[in-house]
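Enquirer: Before I ask anything, let me first share the structure, which is written out below as structure tokens.
The values are calculated or read from the model by the stated rules, or taken from the named source; none is laboratory data. Since the structure is predicted, the reported quantities are computational estimates derived from the model, not experimental observations. As a convention, Cβ positions derive from the backbone with ideal geometry for all residues, glycine included, and neighbour counts pool all protein chains shown.
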């Protein structure tokens, strides 16, 4: 990184800038500048802009945007557009009397529907054709006379003049206006002042601090920013590196105005450091100062340690109060336990935590807690433990646990009862099922009997057809049928009979 | 967001700094100036006194032609603030159809402060809280103070 020569030869420039493009031919034709076949966003923008046609004319100047100008003094509030809050730029007047920048008005209107344009201030209907009027000449003059800084002030231009001239200044005279680089294939911008020096868009490294940057920025860097350059102290003319300047001014410089060390105790002496040092030798307060500082640090440490302790005490006391509440739950809630009240005199209404009933009368609790009251009073700490979320969560947790216990008990109770019910029910269902089974069995018997009866009937018709052989078998079958019951003709009475026998089982 | 809009936000910030309404602090990040963080104390005399509320104001890209979006990052028991983790607020000049480009952030901040003193019941986003405010003011005050203690200390 240490390149000793401030301006490297053309070969170095190309290799440092265009190494990624891999174009090592035509060194003579393209001595400087970036790789043209690798368009940067800047180049794309440049080719899209209106200026793309006359890019080679080295003009990249944009007329200054009046909205972005910096005004030397606060402009009169009557000259300020209500939309952009800057002094008007090409103002127009609506018939309702409100003024806006032309551009702001167009912005406000582009969101509104055609034919329903309204005044942004008073919302009265406006016809963009007829109702937009130019503003009085005197307003324009007042605007022109506002004093502004050059928009290039950040780059170093000190031009300060009336606003009417700013366009001419930026477009014609300002040395710091950016123009396109003189090198015809370099599309970066450079200030007009350095235009004649040729293309400065190649990387160099600062010889003092070895930071790499573009050549055009090097001078500026060395003049104002480089940490390894020597500079002069503003106060005592001592020459030292910029790096050390801050510590020098803070601790060493004899000309810097410093107060006596005893200021923390009350000494009001303030003078240049050399004199202050002399004064401190004789100032009793300066000799006391270190001790006071120690004490202060110790107090701060202790206070920091006290903070968690007070919180803890608060939580414990809250636990205690909830225990008390549990022990004596039947007291009237009107005499509230003043858990929070002693320390918040500004909140008279009870919070949920101090709805806790007291074990004794209302007058007692304040006396029973005198210690925290007197102890806490010096620390009027706005966030004390009783209001903390932890406290709230703890009480919430406690009540939730009770609730859960209650619900669990109820559940077991309910479960037992449900079990009993289910068992009873299932017993009855079982009985029913037995009955149904018996009924089904009976029906099956009946069906058997019926089928056999039908078969028998069929047989008997067949026997009636051939009577000779059938007389003996018919008699035999008739006998068997008589044994079982009446034949097919007597079905109904038999069924009713079987029904009536089952009457008791059906319910 | 256009440079003009950024400039306007910068100006409004300067204005807010010059005349910050009492009990308010604005955290402004120059890198992301479209998001302001406002620390607001509960106004004295209101139920929110003693609380510290964090608000967020987000400026849309179309600002100042669209209203800024205000939300309470600290939970607050208020009829005009939605009771969810967004804590959004949408009423009066913050409504898109009510917003006018000439309105200023200072006015928005003042509106919020005045709403904390006196909620706007007719324009409530939380009807249950609004009802409580109308019919059982004591209960409302108790709940609001409880929330201040719980969330806004």
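Enquirer: For the stretch B:8-45, which positions are within 26 Å of residue B:118 (Cα to Cα) and part of a loop (DSSP other than H, G, I, E, B)?
Expert: B:19, B:20, B:21, B:22, B:23, B:42, B:43, B:44, B:45
Enquirer: Exactly one condition in (1) in a loop (DSSP other than H, G, I, E, B); (2) touching a helix residue (DSSP H, G or I) at 6+ places or on another chain (Cβ under 7 Å); (3) under 30 Å from residue A:85 (Cα atoms) is false for residue B:106; which is it?
Expert: (1)
The rows are residues; the columns are (1) surrounded by 11 or more Cβ atoms within 10 Å (Cβ to Cβ); (2) free of Cβ contacts under 8 Å to residues at least 24 places away in the same chain; (3) out of contact with any helix residue (DSSP H, G or I) (no Cβ under 8 Å at 6 or more places or on another chain); (4) within 30 Å of residue A:198 (Cβ to Cβ).
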{"residue": "A:219", "(1), (2), (3), (4)": "yes, yes, yes, yes"}
{"residue": "A:229", "(1), (2), (3), (4)": "yes, yes, no, yes"}
{"residue": "A:232", "(1), (2), (3), (4)": "yes, yes, yes, no"}
{"residue": "A:243", "(1), (2), (3), (4)": "yes, yes, yes, no"}
{"residue": "A:247", "(1), (2), (3), (4)": "yes, yes, yes, no"}
{"residue": "A:256", "(1), (2), (3), (4)": "yes, yes, no, no"}
{"residue": "A:268", "(1), (2), (3), (4)": "no, yes, yes, no"}
{"residue": "A:271", "(1), (2), (3), (4)": "yes, yes, no, no"}
{"residue": "A:294", "(1), (2), (3), (4)": "no, yes, yes, no"}
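Enquirer: Which condition number does residue A:78 fail, the rest of (1) within 14 Å of chain B (Cβ to nearest Cβ); (2) surrounded by 18 or more Cβ atoms within 10 Å (Cβ to Cβ); (3) not in a loop (DSSP other than H, G, I, E, B) being met?
Expert: That leaves (2) as the condition not met.
Enquirer: Restricting the search to the stretch A:60-73, which residues are facing chain B (nearest Cβ under 10 Å), assigned to a loop (DSSP other than H, G, I, E, B) and more than 16 Å from residue A:159 (Cβ to Cβ)?
Expert: Within the stretch A:60-73, just A:65 meets the criteria.
Enquirer: Further question: Let me spell it out: the conditions are (1) touching a strand residue (DSSP E or B) at 6+ places or on another chain (Cβ under 9 Å); (2) loosely packed, with under 15 Cβ neighbours inside 10 Å; (3) under 30 Å from residue A:89 (Cβ atoms); (4) touching a residue at least 24 places away in the same chain (Cβ under 8 Å), and residue A:167 meets all of them except one. Which number is the exception?
Expert: (1)
Enquirer: Let me ask you something else. Of the conditions (1) more than 9 Å from chain B (Cβ to nearest Cβ); (2) part of a loop (DSSP other than H, G, I, E, B); (3) under 21 Å from residue A:136 (Cβ atoms), residue A:120 clears all except one; give me its number.
Expert: It is condition (1) that residue A:120 fails.
Enquirer: Still on this structure, I have one more. Name the single residue, out of those in the stretch A:97-111 being surrounded by 11 or more Cβ atoms within 10 Å (Cβ to Cβ) and out of contact with any strand residue (DSSP E or B) (no Cβ under 7 Å at 6 or more places or on another chain), that is farthest from residue B:62 (Cα to Cα).
Expert: The qualifying residue farthest from residue B:62 (Cα to Cα) is A:98.
Enquirer: Still on this structure: Since residue B:121 meets every condition but one in (1) crowded, with 17+ Cβ neighbours inside 10 Å; (2) away from chain A (no Cβ under 14 Å); (3) farther than 19 Å from residue B:36 by Cα, which condition does it not meet?
Expert: (1)
Enquirer: Can we say residue A:281 is touching a residue at least 60 places away in the same chain (Cβ under 8 Å) and exposed (fewer than 15 other Cβ atoms within 10 Å of the Cβ)?
Expert: no
Enquirer: A further question follows. Of all residues in the stretch B:53-80 being assigned to a strand (DSSP E or B) and in contact (Cβ under 8 Å) with a residue 40 or more places away in the chain, which is surrounded by the fewest Cβ atoms within 10 Å (Cβ to Cβ)?
Expert: Restricting to residues being assigned to a strand (DSSP E or B) and in contact (Cβ under 8 Å) with a residue 40 or more places away in the chain, the top hit is B:57.
Enquirer: Please work out which residue is nearest to the other protein chains (Cβ to nearest Cβ), limiting yourself to the stretch B:27-48 and to residues that are surrounded by 14 or more Cβ atoms within 10 Å (Cβ to Cβ), free of Cβ contacts under 8 Å to residues at least 24 places away in the same chain and farther than 23 Å from residue B:101 by Cα.
Expert: B:41
Enquirer: Sticking with this structure for a sec: Does residue B:24 count as closer than 22 Å to residue B:151 by Cα and either more than 11 Å from chain A (Cβ to nearest Cβ) or buried (at least 21 other Cβ atoms within 10 Å of the Cβ) (or both)?
Expert: yes
Enquirer: Then there's this: Report yes if residue A:206 is under 30 Å from residue A:241 (Cα atoms), out of contact with any strand residue (DSSP E or B) (no Cβ under 6 Å at 6 or more places or on another chain) and free of Cβ contacts under 8 Å to residues at least 40 places away in the same chain, otherwise no.
Expert: For residue A:206, the condition - under 30 Å from residue A:241 (Cα atoms), out of contact with any strand residue (DSSP E or B) (no Cβ under 6 Å at 6 or more places or on another chain) and free of Cβ contacts under 8 Å to residues at least 40 places away in the same chain - is met.
Enquirer: Looking at the structure I just gave you, is residue A:85 within 11 Å of another protein chain (Cβ to nearest Cβ) and in contact (Cβ under 8 Å) with a residue 24 or more places away in the chain?
Expert: Against the criterion (within 11 Å of another protein chain (Cβ to nearest Cβ) and in contact (Cβ under 8 Å) with a residue 24 or more places away in the chain), residue A:85 does not qualify.
Enquirer: Restricting the stretch B:137-153 to residues that are surrounded by 20 or more Cβ atoms within 10 Å (Cβ to Cβ) and at pLDDT 85 or above, which is nearest to the other protein chains (Cβ to nearest Cβ)?
Expert: Residue satisfying both the conditions and the ranking: B:149.
Enquirer: I've got another one for you. Filtering the stretch A:98-117 down to residues that are assigned to a loop (DSSP other than H, G, I, E, B) and away from chain B (no Cβ under 11 Å), which residue is farthest from the chain's Cα centre (by Cα)?
Expert: A:115
Table: residues versus (1) more than 14 Å from chain B (Cβ to nearest Cβ); (2) under 30 Å from residue A:315 (Cβ atoms); (3) at pLDDT 90 or above; (4) not in a helix (DSSP H, G or I).
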| site | (1), (2), (3), (4) |
| --- | --- |
| A:379 | yes, yes, no, yes |
| A:400 | yes, yes, yes, no |
| A:408 | yes, yes, yes, no |
| A:411 | yes, no, yes, no |
| A:421 | yes, no, yes, no |
| A:427 | yes, no, yes, no |
| A:439 | yes, no, yes, no |
| A:455 | yes, no, yes, no |
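Enquirer: Here is a further query. Exactly one condition in (1) crowded, with 19+ Cβ neighbours inside 10 Å; (2) over 21 Å from residue B:37 (Cβ atoms); (3) in contact with a helix residue (DSSP H, G or I) (Cβ under 9 Å, 6 or more places away or on another chain) is not met by residue B:134; state its number.
Expert: (1)
Enquirer: Among the residues of the stretch B:81-113, write down those that are under 24 Å from residue B:147 (Cα atoms), touching a residue at least 40 places away in the same chain (Cβ under 8 Å) and either surrounded by fewer than 18 Cβ atoms within 10 Å (Cβ to Cβ) or out of contact with any strand residue (DSSP E or B) (no Cβ under 6 Å at 6 or more places or on another chain) (or both).
Expert: B:82, B:83, B:108, B:109, B:110, B:112, B:113
Enquirer: Just need a number here: residues in the stretch B:1-21 that are farther than 22 Å from residue A:66 by Cα and either loosely packed, with under 13 Cβ neighbours inside 10 Å or within 14 Å of chain A (Cβ to nearest Cβ) (or both).
Expert: Within the stretch B:1-21, residues that are farther than 22 Å from residue A:66 by Cα and either loosely packed, with under 13 Cβ neighbours inside 10 Å or within 14 Å of chain A (Cβ to nearest Cβ) (or both) number 4.
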